[in-house]
């Protein structure tokens, strides 16, 4: 049975961080191809003399060529990406008798259950960010329990341990920057976003076509 690994991250997911959009996303890769992808990304790092962790906050003019080639690599492979986006001003937790934490896990459920194939199994990895990370995994396991025959494993890992988790940070960071920091003009970051728009043939500001598998974006309308 074929297995896929899903590396999850979030951006601007705190209720009062003064950012208009909340994003949760994952990068998905077939387990039997993971080693090959990791090796090729390591070679890209060596080629560009890049020794740091891959992450959106590290994108700069001096590192642009590396990140541009990494984006090109992503679009040339069968690595997939999906993100759920919510406009926070539409959130009305009182109406649904929930808190912001409940919304967070509902988004994760929508993210992970999209278009899953019962012939395959999935391992889910979440980035360890804070002391609540263990609680998040337990809660997510409970939420996904109805489909645990498909979701074989849910666990925390450190982003520094996983190039795929770092790739998720990069792609999600680009989406968040485009939506939440449109007034910022860091040229390397804007150029990278334009490369993503070009390759994905999307504005990155609206939901993808339903059948989009490479870079699937879903803007939830809560009204």
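The values are calculated or read from the model by the stated rules, or taken from the named source; none is laboratory data. Values in this document were obtained by computation on a predicted structure and should not be read as measured data. Don't worry about glycine lacking a Cβ; one is built from the backbone with ideal geometry, like all the others, and counts go over all protein chains shown.
Confirm whether residue 143 is in contact with a helix residue (DSSP H, G or I) (Cβ under 6 Å, 6 or more places away or on another chain), modelled with pLDDT under 95 and either surrounded by fewer than 13 Cβ atoms within 10 Å (Cβ to Cβ) or part of a helix (DSSP H, G or I) (or both). The answer is yes for residue 143. Restricting attention to the stretch 149-163, and to residues there that are modelled with pLDDT of 90 or more and in a loop (DSSP other than H, G, I, E, B), which single residue is farthest from residue 1 (Cα to Cα)? Ranking the qualifying residues of the stretch 149-163, first place goes to 158. Considering the conditions (1) part of a helix (DSSP H, G or I); (2) under 24 Å from residue 117 (Cα atoms); (3) at pLDDT below 80, residue 167 is excluded by exactly one of them, (3). Taking the criterion of being within 16 Å of residue 154 (Cα to Cα) and modelled with pLDDT of 75 or more, the residues of the stretch 116-134 that qualify are 116, 120, 121, 122, 123, 124, 125, 126, 127, 128. Residues being touching a strand residue (DSSP E or B) at 6+ places or on another chain (Cβ under 7 Å) and within 29 Å of residue 119 (Cβ to Cβ) are represented in the stretch 10-20 by at least one member.
Residue by residue, here is whether (1) in a helix (DSSP H, G or I); (2) within 15 Å of the chain's Cα centre (by Cα); (3) touching a residue at least 24 places away in the same chain (Cβ under 8 Å); (4) surrounded by 13 or more Cβ atoms within 10 Å (Cβ to Cβ) holds:
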{"site": "139", "(1), (2), (3), (4)": "yes, no, yes, yes"}
{"site": "174", "(1), (2), (3), (4)": "yes, yes, yes, yes"}
{"site": "183", "(1), (2), (3), (4)": "no, no, no, no"}
{"site": "203", "(1), (2), (3), (4)": "no, no, no, no"}
{"site": "209", "(1), (2), (3), (4)": "no, no, no, no"}
{"site": "212", "(1), (2), (3), (4)": "no, no, no, yes"}
{"site": "219", "(1), (2), (3), (4)": "no, yes, yes, yes"}
